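One structure is given here, and the rest of the page talks about it.
Each value in this text was obtained by applying a stated rule to the coordinates, not by laboratory testing. In this text, all values refer to a predicted model and were calculated from it rather than measured experimentally. No Cβ is skipped: glycine too gets one built from the backbone with ideal geometry, and neighbour counts run over all protein chains shown.
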Amino acid sequence: MDIDLDPIEQFDAPIYHRYHATSSRAITPFLHAMKRGEILGHLSTATGKVLFPPLGACPESGEATHIPVILSDTGTVIGFTTVHLPIPGSKLVPPFTVANILLDGADQACSHLISECDIDEVAIGMRVLAVWRPAEVWNNSLENIEYFKPTGEPLVDIDALQQQCLAKAEQRKEAAKGGQDA
Amino acid sequence: MTVPDNSLLEADFELGFTYTRSPGIIIGKFLAALKQQKIYGIRANDGSVLFPPTEYDPRTAESLDDFVPLSDRGRLLYWTWIDQPRDHHQMSQSFAFAMIQLDGADVPFLHRMLADSPEHLSSGMAVKVQWAEERRGAITDIHGFVSATGG
């Protein structure tokens, strides 16, 4: 027999995972620095590279990292995505652009929003500057930086930037070695 | 509040997957019937009655659509007593996860068995549905099962 009722067409079936998170020893100084308005990376002495965000291990060498390096709040866009569809639960109103930004002094890119320009203007090699929220609301997170905005400087050649970064890392690596030998 | 610079930081964190699910016509009708406090199984190709209904025959994979009305009574087969329910159980009191076979169905299914203590449960005991006060067309419209003999 049939059931002479309109079928239930859809229902909410959310799944929630509730965690109580504790910051690791490696990331804790970074989170405290964010609250002071400082951007902290880690130097990997094995590779000479400056890692950001500092998760406590160098992905290339496996070395545990702890040497803090204060980074600039300016950087270069090395990749970006423009989002046109709304993301459920997100405060962001599309279209918006998320970029991989290589902060000056770092060898790893981080993701953040780009604003104060037309989305068509965002380009690989664009120089950007962090726009901070008011210091009164700073907390232990990267959210203290509201977004990055273009500095107006000319586009950077990404390949040349990579070579510069690698050369600097090599210097740091040698310096770290010298320090150990001494 | 100032936190010493070396102190570990703690925070609650919730990761939510806010799914909306479409049950399809067969399950959708079954759920709509639950809202009306009516229970249906579905007849498989070998004549057996499946509860809860499935859209397809578990052996031949053919479509099924022959609903079979079932009673709100059945038998408790086996169970696991949950002495201290946690949040996700959505129960304030101890209960059992139980395999229950409704009268007229040929297979058991998993639901809550409600009792004051596990001593009140026995394999084969007669049970009946306790309906949820608010029904919205979901399997939880059946709040659980209780002893049919009052014990």
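For segment B:36-74, enumerate the residues that are in contact with a Ser or Thr (Cβ under 9 Å, 6 or more places away or on another chain) and surrounded by fewer than 17 Cβ atoms within 10 Å (Cβ to Cβ).
Correct list: B:N45, B:D46, B:E55, B:Y56.
Consider segment B:135-151. How many of its residues are closer than 24 Å to A:Q10 by Cα and either outside any loop (DSSP other than H, G, I, E, B) or away from chain A (no Cβ under 14 Å) (or both)? Spell out how you get there, then give the answer.
Of segment B:135-151, the ones closer than 24 Å to A:Q10 by Cα are B:135-144.
Then keep just the ones that are either outside any loop (DSSP other than H, G, I, E, B) or away from chain A (no Cβ under 14 Å) (or both); that gives B:139-144.
Number of matching residues: 6.
Quick one: in segment A:22-66, which of the residues that are small (G, A, S) and closer than 21 Å to A:N140 by Cβ is nearest to the other protein chains (Cβ to nearest Cβ)? Give the steps one after another, and end with the answer.
Of all residues in segment A:22-66, those small (G, A, S) come to A:23-24, A:26, A:33, A:37, A:41, A:44, A:46, A:48, A:56-57, A:61-62, A:64.
Next, from what is left, pick out any that are closer than 21 Å to A:N140 by Cβ: A:23-24, A:26, A:33, A:37, A:41, A:56-57.
Working: A:S23: 4, A:S24: 8, A:A26: 11, A:A33: 9, A:G37: 14, A:G41: 17, A:G56: 13, A:A57: 18 Å.
If we take residues in segment A:22-66 being small (G, A, S) and closer than 21 Å to A:N140 by Cβ, then A:S23 is nearest to the other protein chains (Cβ to nearest Cβ).
A:L102: out of contact with any helix residue (DSSP H, G or I) (no Cβ under 8 Å at 6 or more places or on another chain) and not acidic (D, E), yes or no?
Numbers: out of contact with any helix residue (DSSP H, G or I) (no Cβ under 8 Å at 6 or more places or on another chain): no; not acidic (D, E): yes.
Criteria not met by A:L102.
Tally time: how many residues in segment B:39-51 are within 11 Å of chain A (Cβ to nearest Cβ) and of a type in the set (F, W, Y)?
Adding up the residues that qualify gives 1.
Of the residues B:T60, B:T54, only one is over 21 Å from A:P14 (Cα atoms), touching a strand residue (DSSP E or B) at 6+ places or on another chain (Cβ under 7 Å), assigned to a loop (DSSP other than H, G, I, E, B) and more than 14 Å from every other protein chain (Cβ to nearest Cβ); which? Steps first, answer last, please.
Working: B:T60 fails: touching a strand residue (DSSP E or B) at 6+ places or on another chain (Cβ under 7 Å).
When all the criteria are applied, what remains is B:T54.
Across segment A:85-111, what is the number of residues that are of a type in the set (V, I, T) and either in a strand (DSSP E or B) or within 17 Å of the chain's Cα centre (by Cα) (or both)?
In the first step, residues of segment A:85-111 are kept if they are of a type in the set (V, I, T); the result is A:87, A:93, A:97-98, A:101.
Now drop any that are not either in a strand (DSSP E or B) or within 17 Å of the chain's Cα centre (by Cα) (or both), which leaves A:97-98, A:101.
Number of matching residues: 3.
Please specify each residue of segment A:69-94 satisfying the condition of being under 19 Å from A:P54 (Cβ atoms) and surrounded by fewer than 15 Cβ atoms within 10 Å (Cβ to Cβ).
A:I70, A:S72
Condition check: part of a loop (DSSP other than H, G, I, E, B), among the acidic types (D, E) and at the interface with chain A (Cβ under 10 Å from one of its Cβ atoms). Does B:D65 satisfy that? Step through it out loud before you land on a result.
Values: part of a loop (DSSP other than H, G, I, E, B): yes; among the acidic types (D, E): yes; at the interface with chain A (Cβ under 10 Å from one of its Cβ atoms): yes.
Criteria met by B:D65.
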